[in-house]
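**Q** Mind looking over this structure? Questions follow.
The values are calculated or read from the model by the stated rules, or taken from the named source; none is laboratory data. Since the model is a prediction, treat every value here as computed from it, not as a measurement. Please note: Cβ atoms are built from the backbone with ideal geometry, for glycine as well, and neighbour counts cover all protein chains shown.
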Amino acid sequence: MKLFIVDDHQLFIDGMRHLLCHLDGVSVIEECTRAEEAIERLEAEDSFDLVLIDLGMPGMDGLAILQRLRETGSGTPVVVVSAEEDIARIGHALELGALGYIPKEQSAIDMLHAVKQVLSGELYVPELVRERLSLYQSRRHPEHGTLTRRQMDVLELVARGYSNKQIASALFVAEHTVKVHIAAILKALNATNRTECVHKARSLGLLD
């Protein structure tokens with residue numbers, strides 16, 4: 001398993017590297033301290049199993065990395081590991097395709113659990129942050145409830161009968177990312193399958 005840490009603090013990178021070495025199957029952990037360099041390396045190589053990025057970095061930041069990966073249609077999984085407290089920026093990162101948000105203040109055990117959860121294909125966002133995101137999204141898009149803009153895009157294609165592969169192609173994202181979004185949508189709408197999900201979404205006025 002190949003991981004990539006992007007953070008402007010070398011001390012944090014060193015600590016994260018030590019922590020990630022406890023994961024089974026990790027063979028390579030690469031690092032860099034600048035978003036510009038990270039983008040260049042990610043465009044040249046797409047074999048990373050997970051990229052861990054900070055949001056707040058000098059110059060180009062973590063959001064710029066996510067935006068660039070989205071523009072290029074990269075399927076590289078990315079999770080945000082940051083001390084960022086601006087819920088709008090956290091929400092934007094998730095909308096751009098981040099598979100989760102891990103606060104830097106979490107304990108080593110909780111952080112390792114979060115990384116494992118993301119690697120298993122699940123979205124990771126701490127409960128307190130989820131509550132803040134829910135409130136932020138409901139104020140920003142009252143008609144969308146707790147769904148992000150990207151999740152709404154996925155939901156609309158699910159309603160049209162698109163398969164995960166077709167959704168990934170239409171939105172220029174990895175099929176794995178689509179699965180993560182669908183899992184989050186099902187959870188948000190308290191649905192057990194796609195049919196129930198679409199039915200509930202229509203009853204809530206999320207779909208025409």
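**Q** So is residue 165 more than 30 Å from residue 14 (Cα to Cα), out of contact with any Lys or Arg (no Cβ under 6 Å at 6 or more places or on another chain), assigned to a helix (DSSP H, G or I) and at pLDDT below 85 or not? Show your work before the answer.
**A** Numbers: more than 30 Å from residue 14 (Cα to Cα): yes; out of contact with any Lys or Arg (no Cβ under 6 Å at 6 or more places or on another chain): yes; assigned to a helix (DSSP H, G or I): yes; at pLDDT below 85: no.
Spelling it out, it is not the case that residue 165 is more than 30 Å from residue 14 (Cα to Cα), out of contact with any Lys or Arg (no Cβ under 6 Å at 6 or more places or on another chain), assigned to a helix (DSSP H, G or I) and at pLDDT below 85.
**Q** Right, next: Answer yes if at least one residue in the stretch 131-140 is modelled with pLDDT of 85 or more and among the hydrophobic types (A, V, I, L, M, F, W, C), and no otherwise. Working first, answer last.
**A** Of the residues in the stretch 131-140, the ones modelled with pLDDT of 85 or more are none.
Among the residues of the stretch 131-140, not one is modelled with pLDDT of 85 or more and among the hydrophobic types (A, V, I, L, M, F, W, C), which makes the answer no.
**Q** Also, I was wondering about something else. When you go through (1) in contact with a Gly (Cβ under 9 Å, 6 or more places away or on another chain); (2) within 24 Å of residue 178 (Cβ to Cβ) one by one for residue 68, which number turns out not to apply?
**A** Looking at each condition in turn, residue 68 falls short on (1).
**Q** From the list 104, 116, which residue is touching a residue at least 60 places away in the same chain (Cβ under 8 Å), in contact with a strand residue (DSSP E or B) (Cβ under 8 Å, 6 or more places away or on another chain) and not polar (S, T, N, Q)?
**A** On the way: 116 fails: in contact with a strand residue (DSSP E or B) (Cβ under 8 Å, 6 or more places away or on another chain).
When all the criteria are applied, what remains is 104.
**Q** Residue by residue through the stretch 155-178, note down the ones that are closer than 17 Å to residue 100 by Cα, buried (at least 16 other Cβ atoms within 10 Å of the Cβ) and not hydroxyl-bearing (Ser, Thr, Tyr). It would help to see each step written out before you state the result.
**A** Just the residues of the stretch 155-178 that are closer than 17 Å to residue 100 by Cα, to begin with: 173-178.
Then keep just the ones that are buried (at least 16 other Cβ atoms within 10 Å of the Cβ); that gives 173-174, 177-178.
Matches in the stretch 155-178: 173, 174, 178.
**Q** Here is a further query. Any idea which of (1) surrounded by fewer than 17 Cβ atoms within 10 Å (Cβ to Cβ); (2) among the small types (Gly, Ala, Ser); (3) in a loop (DSSP other than H, G, I, E, B) is the one residue 98 doesn't satisfy?
**A** (1)
**Q** Right, residue 84: at pLDDT below 95, in contact with a strand residue (DSSP E or B) (Cβ under 9 Å, 6 or more places away or on another chain) and surrounded by 14 or more Cβ atoms within 10 Å (Cβ to Cβ) or not?
**A** Details: at pLDDT below 95: yes; in contact with a strand residue (DSSP E or B) (Cβ under 9 Å, 6 or more places away or on another chain): yes; surrounded by 14 or more Cβ atoms within 10 Å (Cβ to Cβ): yes.
Criteria met by residue 84.
**Q** Let me ask something else. Suppose we filter the stretch 38-94 for residues that are of a type in the set (Ser, Thr, Tyr) and part of a helix (DSSP H, G or I); how many remain? Break it down stepwise before answering.
**A** Just the residues of the stretch 38-94 that are of a type in the set (Ser, Thr, Tyr), to begin with: 47, 72, 74, 76, 82.
Checking which are part of a helix (DSSP H, G or I) leaves us with 72.
The total comes to 1.
**Q** Return the residue satisfying two criteria in turn: it lies in the stretch 179-208 and is within 25 Å of residue 50 (Cβ to Cβ) and basic (Lys, Arg), and of such residues it is surrounded by the most Cβ atoms within 10 Å (Cβ to Cβ). Explain how you work it out, then say what you get.
**A** The first filter runs over the stretch 179-208 and keeps only residues within 25 Å of residue 50 (Cβ to Cβ), leaving 179-188.
The next check asks that each one be basic (Lys, Arg); those that pass are 179, 187.
Details: 179: 17, 187: 12.
Filtering the stretch 179-208 for residues that are within 25 Å of residue 50 (Cβ to Cβ) and basic (Lys, Arg), the one surrounded by the most Cβ atoms within 10 Å (Cβ to Cβ) comes out as 179.
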